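Okay, structure first, notes after.
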Amino acid sequence: MNTNKYAGIYTALLTPFDNNNKINEKALEKLVKYNIDKGVKGFYVCGSTGEAFMLTTDERKYVMEIVKSVAPNHTLIAHIGSIHEDEAAKLAIQAKDLSYDVVSSVTPFYYKFSFEEIKNYYFRLADSADLPMLVYYIPVFSGVSMGINEMKSFLTDDRFIGIKFTSNDFFTLEQAKAAFPDKVVFNGFDEMFLAGLSMGADGGIGSTYNFMADKYIKIQELFKSGKIEEAQQIQKEANRITALLCKIGVMQAEKEVLNQLGFDFGICRHPFGEISSENKEIIAKEIVPYLA
Ligand code: MN9
């Protein structure tokens, strides 16, 4: 069974904006406290879900500061990834200054970088951060696919603690965990959390955790005690909701859920659009009443 010190459930925080499109500090503080009360192990800060690539470097630093101020004793992972490598390095240093536990980066995207270039990007950042590095693997968004051999080139290095694995290639996940049992692997697709656990994931990092962390904590507990059917039942309940979120637009819908729960998260930044009143109605009737 997993005993990795990083194992557990981490909320991939959404970023709240006010009516002037500025970061809403109070709303973020409230959500972090709410997730702490639910029992999460920590937070993944400014990842895809946090609209990282639509924030300035200063805004990313500001979000990191807010989260640290409310959760000083939780495990905090700063996503610092950017294809502007100097900005990523700057964020890495800021994460260190703010006493974050781990830095993480998406694989550099958009241009078709070679694996050698990708590797050098990570190694340079791992050095500038002087913090443990978690590779953020998300081929569907980044366009970068890796197999076990590519993953090995990170996991054999002491500076790398593991992988945030947002892919349904569970065979590779299993191979990574089998070859490196002491490294941490986080499941990235919430709707497949139980599957990820069964193939060796040590926990999960997810966007639907913002308001359903309790469900994933429970799934992991049940999995550990061998109560698989009960775990499946909760995964199924969560997935009914996640399917609706995906249909509407995941992050836009998640912010609307939080708004309806009283968190004042506003809307996503452009180019994301607003969701329709019909979809708000669906969220009110088919999602919000089912959240604890
Ligand atoms: O942080 C999230 N990944 C992305 C993880 O948004 C790309 C997931 O939580 C998904 O939003 C979720 C729905 O597909 O699993």
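The values are calculated or read from the model by the stated rules, or taken from the named source; none is laboratory data. The structure presented is a predicted model; accordingly, all values stated were derived computationally and were not measured. As a convention, Cβ positions derive from the backbone with ideal geometry for all residues, glycine included, and neighbour counts pool all protein chains shown. Remember, those area values only see protein heavy atoms, side chains included, never the ligands or the DNA or RNA. Shrake-Rupley method; radii C 1.70, N 1.55, O 1.52, S 1.80 Å.
Structure notes:
- Checking each residue in segment 149-176 for being within 20 Å of residue 120 (Cβ to Cβ), away from the ligand (no atom under 16 Å from the Cβ) and either part of a loop (DSSP other than H, G, I, E, B) or among the aliphatic types (A, V, I, L, M) (or both) picks out 151, 155, 156, 157, 158, 159, 161.
- Considered as a group, the residues in segment 1-16 that are surrounded by 20 or more Cβ atoms within 10 Å (Cβ to Cβ) and of a type outside the set (Gly, Ala, Ser) include one that is nearest to residue 132 (Cα to Cα), and that residue is 6.
- Residues of segment 193-221 that turn out to be open to solvent by 10 Å² or more (accessible area, probe 1.4 Å) and more than 10 Å from the ligand (Cβ to nearest atom), as a count: 11
- Of all residues making up segment 130-148, the number that are away from the ligand (no atom under 13 Å from the Cβ), of a type in the set (A, V, I, L, M, F, W, C) and part of a loop (DSSP other than H, G, I, E, B): 3
- Residues (touching a residue at least 12 places away in the same chain (Cβ under 8 Å) and not in a helix (DSSP H, G or I)) located in segment 18-38: 18, 19, 21, 23, 24
- Test: residue 190 is buried (at least 19 other Cβ atoms within 10 Å of the Cβ), of a type in the set (D, E, K, R), within 15 Å of the ligand (Cβ to nearest atom) and within 28 Å of residue 105 (Cβ to Cβ): yes
- Enumeration of residues in segment 165-222 that are polar (S, T, N, Q) and either within 19 Å of residue 291 (Cα to Cα) or without any contact (Cβ under 8 Å) to a residue 24 or more places away in the chain (or both): 187, 207, 208, 210, 220
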